[in-house]
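Take a look at the structure set out below.
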Amino acid sequence: MCTITKMKPIQQIALHNPLQLVAPACLLLATLAVGYILKRLIFRALHRWADTTSNNLEEVFIKSLGSPIMIWSLILGIYFATESLELPERFRQNVDRTLLILVILSLTLMVSGLAGRLIRFYGSRMPGAMPATTLTQNLVQLLVVMVGAVIMLNHLGVSITPILTALGVGGLAVALALQDTLSNLFAGFYISVAGQLRLGDYIKLNTGEAGYVTDISWRSTTIRALGSNLIIIPNAKLAQAIVTNYYLPDRRVSLNIGVNVSYASDPEQVERVLIEEVRNGVGAIAGLLAEPAPSVQLIPGFGDSTLSFTLGCYVAEFADQFPVQHQLRKRILKRFRAEGIEMPYPTRTVYVREHSV
């Protein structure tokens, strides 16, 4: 009984001398208050830094440091509170070890989240960088978590060699059971690293699916069609498909418009009018480009009842061809009417020969 009284664990202190808990509680609250003030100061400094830049990098740190600062303040407050009490050595060691594990765990989660957000931030801004997909973000976060786990196990005195051996033996069984999943994982990693498909690119598969690449995850690639529908394609299927990327090597897309006029029309006048309408539309029609210069060719040429021209020009990207065609066709029709250039209906001349009896 004397030993228990002399050691004064927290339960005994709370029952027999609760006033001794006042100072530790004050230390805990003071540490939390200091942590809150420190958090406000850090965020204020980040916002001031944001006023001098335009890249919004401070938002990455604010989202990553918001909760961890208060968690670290709580851990530090518990440490100070327990140190101010007369506790058994073994109990104090257990508390210190638990707090250290919590610190390692919180640091790992914070660095993991920060790394993922930095990948997203810089991956979409740095030319030539690996695409900031869900897959690359998850791989980086997984690497950080693995490093944190190794540090934690080392601190606890757990040898990782038997764990690695068990993983090596069980890896074969897991690989056989997850063949499709691993196939999609490695295919997604290859797609991300190869750089032939990037976020935001407009692609079309040989099976007909087409749209903008919105994400590449560990299992599938998501593309958004022009109708805003999402198409989910397994990475393994995408890696084996024939893909047309309309954003590589350049986003510009050639646009060909067929124009039919009467045989009575002057081909030189038709060519001049079409070129002028394209040049006049540059700046007025969103997405229509002045360079490369527009061209007109008498192709396919001589039709049954019309002269068939092909007007060639360039638009900024794949989706611009539809509104550009719409506006150009209206301009061409209005100009042809003003110039007296006829766009005839299909006609056919029938010769009737009379036979005398």
Net charge over other residues, Cβ less than 13 angstrom from the Cβ of L248 (K, R count +1; D, E count -1): +1
Measure of exposure for M152: accessible area at 1.4 Å probe, Å² rounded to 10, is 40
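Accessible area, 1.4 Å probe, largest first: how do M70, M110 sort?
Output order, biggest surface exposure first: M70, M110.
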Distance in nm between pseudo-label sites at H155 and L298 (7 Å out along the Cβ direction from Cα): 8.4
Can you list the residues, at least 5 places off or on another chain, whose amide H is less than 5 Å from the amide H of Y247, using H built in the peptide plane? Y202
Loop-only check: which trypsin sites (Lys or Arg not before Pro) in the range 253-357 are DSSP coil with at most 15 other Cβ within 10 angstrom? R348, R353
Can you tell me how the range 234-357 classifies by the Cα gyration tensor, rounded, prolate or oblate, using a/c under 1.5 as the rounded cut? oblate
Phi-based couplings in Hz for the range 332-337 (Karplus 6.51, -1.76, 1.60; Gly and Pro marked x): 5, 4, 5, 5, 4, 5
What part of the accessible area of the range 225-344, given as a whole %, is carbon or sulfur when the probe is 1.4 angstrom? 50
Using r as the Cβ-Cβ distance of T207 and K330, and R0 as 45 Å, what FRET efficiency do you calculate, to the nearest 0.05? 0.85
Computed over the range 264-357, protein heavy atoms only, probe 1.4 angstrom, the accessible area per residue in square angstrom equals 67
Rounded to one decimal in nm, the spacing of the 7 Å Cα→Cβ label points at N280 and A338 is 0.3
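The values are calculated or read from the model by the stated rules, or taken from the named source; none is laboratory data. Keep in mind it's a predicted model, so treat the numbers as computed, not measured. Neighbour counts run over all protein chains shown; Cβ positions are idealised from the backbone, glycine included. Keep in mind that these areas ignore ligands, DNA and RNA; they rest on the heavy atoms of the full protein, side chains included. Shrake-Rupley method; radii C 1.70, N 1.55, O 1.52, S 1.80 Å.
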